[in-house]
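This report concerns only the one structure given below.
The values are calculated or read from the model by the stated rules, or taken from the named source; none is laboratory data. Please read all numbers here as calculations on a predicted model, not as lab measurements. Cβ: placed from backbone, ideal geometry, glycine included. Neighbour counts: every protein chain shown.
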Amino acid sequence: MKEIDITRAIINFHFRALLDNIQTDVVIVGAGPSGLVAGGYLARDGFKVTILEKRLSPGGGIWGGGMGFKYAAVQEEATHILQDFDIQFEKDESGLYIVDSLELASGLIHGAIQMGAHIFNLVTVEDLVVRESRVVGVVINNTFALMEGFPIDPLTIKAKVVVDATGHEHDVVATLSRKNDVKLNTPTGKPLGERSLFSEPAEKGVVENTKEVYPGLFVCGMATAAVFGYYRMGPIFGGMLLSGERLAKILKKKLS
Ligand SMILES: Cc1cc2nc3c(=O)[nH]c(=O)nc-3n(C[C@H](O)[C@H](O)[C@H](O)COP(=O)(O)OP(=O)(O)OC[C@H]3O[C@@H](n4cnc5c(N)ncnc54)[C@H](O)[C@@H]3O)c2cc1C
């Protein structure tokens, strides 16, 4: 075993994967539950899906369950998604289904990759490429470079559609709105901001508002609450899974 072979293989595989993804069908920004579900289903249907995650670990807010207690709740309507990703669940006396948040996070990551999505971690989307009033790509940089504030120029990825799955931060939509004179598909033309916790309407709102917010830019998961002025919901994840599933259906129709 030669050290140089280990190095060469890693560099070869990484750059082959990166080159294969610089022009893609769908860029999903954020590897939380909604982005992973959407990415997995779209890749399974034959689309080229590139998921960009700024942190070391994909999974977004799943890992911590509720307040660091490692279980999360899912409603019955979303249990078919758990089955698709081969994640175990148990019915609680309340009628809710309980999942181990570690299995939920790792199962969604594993499932999305197995279905064919490419996930790149430690990649931050810092801006968008906008042409003729349409989002046509993302501007990416190394997370460490941004954390240290190094003056390093970014690179770009071209995509048929871009998805903001960045959760509470709604980072992509916020950046588009802040940097460009654009009118979003919201009542004020701007992100409306998230409201205080109210689980039931929040769960419905996240799914109903999974849609195109600007030509070429879609929003799913918790980011929809921030963009469309809905409530947060706490550690119940059915809405996130269903939002990802709904987005996959919308984009499948659009891209076909
Ligand atoms: C670290 C974290 C902890 C959380 N803890 C709780 C909690 O304890 N209780 C609770 O009720 N809710 C919590 N949430 C939110 C909760 O988990 C959400 O309801 C749910 O996870 C949202 O799912 P989502 O798919 O919308 O995206 P999220 O799970 O929020 O994931 C979004 C992902 O996008 C990534 N991202 C953000 N901006 C960029 C960018 N510019 N480029 C690339 N990637 C980006 C983030 O790193 C994250 O992994 C947390 C979210 C996060 C991210």
| Within the range 163-173, can one find any residue that is of a type outside the set (D, E, K, R), under 15 Å from the mean Cα position of the chain (by Cα), over 30 Å from Asp92 (Cα atoms) and assigned to a helix (DSSP H, G or I)? | yes
| Test result for Val138, assigned to a strand (DSSP E or B), within 18 Å of the chain's Cα centre (by Cα), modelled with pLDDT of 95 or more and within 21 Å of Val27 (Cα to Cα) | yes
| field | Residue selected from the range 218-244 under the condition away from the ligand (no atom under 12 Å from the Cβ) and within 15 Å of Asp164 (Cα to Cα), by the criterion surrounded by the fewest Cβ atoms within 10 Å (Cβ to Cβ) | value | Phe228
| query | So which residues in the range 145-174 are among the polar types (S, T, N, Q) and surrounded by fewer than 20 Cβ atoms within 10 Å (Cβ to Cβ), if there are any at all? | reply | Thr156
| query | Which of the residues that make up the range 193-217 are in contact (Cβ under 8 Å) with a residue 40 or more places away in the chain, of a type outside the set (Gly, Ala, Ser) and away from the ligand (no atom under 11 Å from the Cβ)? | reply | Val213, Tyr214, Pro215, Leu217
| Within the range 25-71, tally of residues that are more than 14 Å from Ser101 (Cα to Cα), in a strand (DSSP E or B) and more than 6 Å from the ligand (Cβ to nearest atom) | 7
| query | Has the range 94-102 got at least one residue that is at pLDDT 95 or above, more than 16 Å from the ligand (Cβ to nearest atom), in a helix (DSSP H, G or I) and touching a Gly at 6+ places or on another chain (Cβ under 8 Å)? | reply | no
| query | Which of the residues spanning the range 224-247 are in contact with a Gly (Cβ under 6 Å, 6 or more places away or on another chain) and part of a helix (DSSP H, G or I)? | reply | Met240, Ser243
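Here is a yes/no grid of residues against (1) within 19 Å of Glu53 (Cα to Cα); (2) free of Cβ contacts under 8 Å to residues at least 12 places away in the same chain:
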{"site": "Gln88", "(1), (2)": "no, no"}
{"site": "Gly116", "(1), (2)": "yes, no"}
{"site": "Ile119", "(1), (2)": "yes, no"}
{"site": "Arg131", "(1), (2)": "no, yes"}
| note | The residue that is farthest from Tyr41 (Cα to Cα), considering only those in the range 202-223 that are assigned to a helix (DSSP H, G or I) and hydrophobic (A, V, I, L, M, F, W, C), is Ala202
